[in-house]
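Colleague: I have a structure here, written as structure tokens, and I will follow up with some questions on it.
The values are calculated or read from the model by the stated rules, or taken from the named source; none is laboratory data. Everything numeric in this text was worked out from a predicted model, so none of it was measured. Positions of Cβ are generated from backbone atoms using ideal geometry, with glycine treated the same way; all protein chains shown enter the neighbour counts.
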Amino acid sequence: MHYIVFDLEFNQDPDSLILPSLLPDSPDRKGKYPLEIIQFGAVKLDEKFNTVGTFSRLVKPSIYSRISDFITELTGITTDSLESEQTYSQVYKEFIEFVNEPEVVLCIWGMTDMKELIRNAIYHKLDVKLLPNRYINIQPLTSVHLGQSKRKPLGLKYCVEALNIHVSYAFHDALNDALYTAEVFKKVHTSEVKPRRYDQTVALKAIRPPKMTLDFPMLISQLEKMFSKEMTVEEKEIIRLAYHMGKTGQFLKADDKKKQII
């Protein structure tokens, strides 16, 4: 048994899209392009949790031509620093060779890395069946270990400090974060922790649009401008009530008028 604790760094800059390739089964633009992986980091642990190997690679972008300012500020990775690196296909092949053990479990901090690893591979038309499909998500295990709900995701840095793990290198570097995650895993793992199987088709499902809510202060502000008056508390409550009653559709009725045929 070997555990591969891995971490990825991503970039997304739609304004610098290079190639209009599409992910299959993507009905709209939101689901067409994956978060592009620009760095792999991984730690290989044996069944006794000894570190027996590490993997660290930068990736030359082929989806977006520019690393966003936010990503550069977060990771220190720049567009120029990736120019001479290997392509995703080459790095993916090396990663597959690194994880190639008779019995392997992938270990992650949150499900995003698992999903985007598969989405990037599919985008580049690579064989995702080469990836192990057993995984352990360490993030919810750590939340429970620290007395929180497993539905409350905690940040890696917070958990490292809460578990008194020595901080000796920067976060938001893929290998560094993988090393920290491996140390957290050693702290929270118990015999009750069992790997789960990952359904790779999940990675292709369309991204769920964000839940939309009414910006009530903005609505009131707009109405006050339109009517050149300040709304009273009573008027605001009437507007709020009318909005919610309108959403139910209970006051809609069909138009019975039929168009005359001439």
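Colleague: Which residues, taken from the range 141-154, are surrounded by 19 or more Cβ atoms within 10 Å (Cβ to Cβ) and either of a type in the set (A, V, I, L, M, F, W, C) or closer than 20 Å to E101 by Cα (or both)?
Modeller: Selection gives L141 alone.
Colleague: Further question on the same structure: Which numbered condition trips up K93, out of (1) over 16 Å from F40 (Cα atoms); (2) assigned to a helix (DSSP H, G or I); (3) more than 20 Å from the chain's Cα centre (by Cα); (4) of a type outside the set (S, T, N, Q)?
Modeller: (1)
Colleague: A further question follows. Just wondering, is there one or more residues in the range 157-180 that are touching a Ser or Thr at 6+ places or on another chain (Cβ under 7 Å), surrounded by 13 or more Cβ atoms within 10 Å (Cβ to Cβ) and free of Cβ contacts under 8 Å to residues at least 60 places away in the same chain?
Modeller: yes
Colleague: Which residue is surrounded by the most Cβ atoms within 10 Å (Cβ to Cβ), if the candidates are limited to the range 128-140 and must be modelled with pLDDT under 95 and aliphatic (A, V, I, L, M)?
Modeller: That would be L131.
Colleague: Which of the residues spanning the range 43-98 are touching a residue at least 40 places away in the same chain (Cβ under 8 Å), closer than 24 Å to N133 by Cα and touching a helix residue (DSSP H, G or I) at 6+ places or on another chain (Cβ under 9 Å)? It would help to see each step written out before you state the result.
Modeller: Just the residues of the range 43-98 that are touching a residue at least 40 places away in the same chain (Cβ under 8 Å), to begin with: 43-47, 49, 51-56, 61-68, 71, 74-77, 82, 88, 91, 95, 98.
Okay, now just the ones that are also closer than 24 Å to N133 by Cα, so 43-47, 49, 51-56, 88, 91, 95, 98.
Residues satisfying the conditions are V43, K44, L45, F49, T51, G53, T54, F55, S56, Y88, F95.
Colleague: Another one. Against the condition in contact (Cβ under 8 Å) with a residue 24 or more places away in the chain, assigned by TED's automatic domain parsing to the domain that holds V188 and in a helix (DSSP H, G or I), how does V105 come out, does it pass? Step through it out loud before you land on a result.
Modeller: Numbers: in contact (Cβ under 8 Å) with a residue 24 or more places away in the chain: yes; assigned by TED's automatic domain parsing to the domain that holds V188: yes; in a helix (DSSP H, G or I): no.
It is false that V105 is in contact (Cβ under 8 Å) with a residue 24 or more places away in the chain, assigned by TED's automatic domain parsing to the domain that holds V188 and in a helix (DSSP H, G or I).
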